[in-house]
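Asker: Below you'll find the structure I mean.
The values are calculated or read from the model by the stated rules, or taken from the named source; none is laboratory data. All figures in this text were calculated on a predicted structure; none of them were measured in a lab. For neighbour counting, all protein chains shown are included, and Cβ atoms are generated from backbone atoms with ideal geometry for every residue, glycine included.
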Amino acid sequence: MLKRSLLVPVLLLMAGARVAGQTPEVELANLREDVRGLTQRVGELSLRVEQLERQNGELREKASASAQTYVTVAQLNDAVAELNLAIRSGDAATAERTAAQIKKLGEATNAALDSMAKGLATRPVVQTSFSENYAKEGVSYTVQKGDTLAMIAKKTGGKATDIINANKIADPSRIQAGQTLFIPTPAGK
């Protein structure tokens, strides 16, 4: 059927080829090459269509599988409505489950608080009283990023305990960059 449908255009082209100066054999060879190219292209397109159909089928399978694993908003709303209805009706079983969950949450909270309390117990005691036994003369020092009291004492020639007492530093690990400290100068310097 394809050969018959091509026969009429072939004859017309052959007639046109005589007018254009080409021989019927050359024109026929050109037509055969065109038909071969079209046949190859149709084959490529058929393969692509098959590939797309296969991919479409895979996507449909994935979509149906995902629809089964996820809850829809309507299903979630229905579950919430049922839960609210059970709570309003005073369902004893629901109240017991809720009480058990609250108890379990309370126990977990208490365990977390106990763990935090144990962590605080291992922290060094914060100094709350300070000695007045340090030199009253000295210099000001602005804390630099990365400074520690030991480093500051070494840089300035002071004693860390004197710096702590003079500035009433309760937690020496909490000095901050930009903070100005009084550095007592030891006697004889």
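Asker: In the stretch 153-189, how many are charged (D, E, K, R), in a loop (DSSP other than H, G, I, E, B) and surrounded by fewer than 16 Cβ atoms within 10 Å (Cβ to Cβ)?
Answerer: Pass one, the stretch 153-189, residues charged (D, E, K, R): 154-155, 159, 162, 168, 171, 174, 189.
Subset that is in a loop (DSSP other than H, G, I, E, B): 159, 168, 171, 189.
Pick out the ones that are also surrounded by fewer than 16 Cβ atoms within 10 Å (Cβ to Cβ) and you get 168, 171, 189.
Here the count works out to 3.
Asker: Can you find, within the stretch 62-99, the residue that is modelled with the lowest pLDDT among those that are part of a helix (DSSP H, G or I) and hydroxyl-bearing (S, T, Y)? Break it down stepwise before answering.
Answerer: Step one: of the stretch 62-99, the residues part of a helix (DSSP H, G or I) are 62-69, 73-88, 92-99.
Filter again for hydroxyl-bearing (S, T, Y), leaving 64, 66, 69, 94, 98.
Numbers: S64: 71, S66: 63, T69: 55, T94: 69, T98: 75.
My answer is T69.
Asker: With respect to the numbered conditions (1) surrounded by 10 or more Cβ atoms within 10 Å (Cβ to Cβ); (2) modelled with pLDDT under 85; (3) hydroxyl-bearing (S, T, Y), which one is the sole condition not fulfilled by T23?
Answerer: Every listed condition holds for T23 apart from (2).
Asker: Which residues, taken from the stretch 134-152, are of a type in the set (A, V, I, L, M, F, W, C), over 14 Å from P184 (Cα atoms) and in a loop (DSSP other than H, G, I, E, B)?
Answerer: Of everything in the stretch 134-152, just one residue is of a type in the set (A, V, I, L, M, F, W, C), over 14 Å from P184 (Cα atoms) and in a loop (DSSP other than H, G, I, E, B), namely V143.
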